[in-house]
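Take a look at the structure below.
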Amino acid sequence: MLRINDTLTIADWELVETFSRSQGPGGQNVNKVETAVDLRFEAERSPHLSAPVKARLKRLAGRRWTLDGAIVIRAEETRSQARNREIARERLADLIRQALVPPKRRIATKPTYGSQLRRLKAKSVRGEVKAARGKVEDEE
């Protein structure tokens, strides 16, 4: 069971862990020990997440979101399989925590009277500068 916050936990049946050989240095050990972890969370089918949370999670996950609605997180930082499992689970929990926070609604504001006047003044000054350009006629 993966605990996200006080009210939300993810059941073990929703998480699938697969192990493979990790990349990078490790000497002779790296060729025989499967320490890299691929954590797969069936987000689309999860009964614990609401539809808006799933939509935000899909946007946050980006390319980690698969076509069948799962999130795949790979962890291969350490040489320890147990530590990599913890890292992957923590990454998933952080991602879900971010998706749980609804974005703040933008409040439309009106420009102040002073800012409108400054904008119009700047436009007229710029227009005068451009009008002053052009062909110079000879005065003879």
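Working from Cα pairs under 8 Å separated by at least six residues, relative contact order for the chain is 21 percent. Think of the chain as having a plus end and a minus end, set by charges on the Cβ of Lys, Arg, Asp and Glu; of 92, 116, 55, 116 sits farthest toward the positive end of this dipole. In a reduced charge model with +1 at each Lys and Arg Cβ and -1 at each Asp and Glu Cβ, region 67-140 shows a dipole moment near 580 debye about its Cα centre. Please list log₁₀ I(q)/I(0) at q = 0.13, 0.16 Å⁻¹ for the chain, using the Debye equation with identical point scatterers on the alpha-carbon positions. These q points yield log10 I(q)/I(0) values of -0.68, -0.89. Highest mean packing first, where packing is the average number of other Cβ atoms within 10 Å per residue, the peptides 120-132, 84-96, 101-113, 47-59 line up as 84-96, 47-59, 120-132, 101-113.
Straightening the chain between residue 83 and residue 7 buys 24.8 nm, computed as 0.36 nm per residue apart minus the Cα-Cα spacing.
Rule-based calculations on the coordinates, nothing more; no lab input. Predicted model, so just to flag it, every value in this text is computed and none were measured. Positions of Cβ are generated from backbone atoms using ideal geometry, with glycine treated the same way; all protein chains shown enter the neighbour counts.
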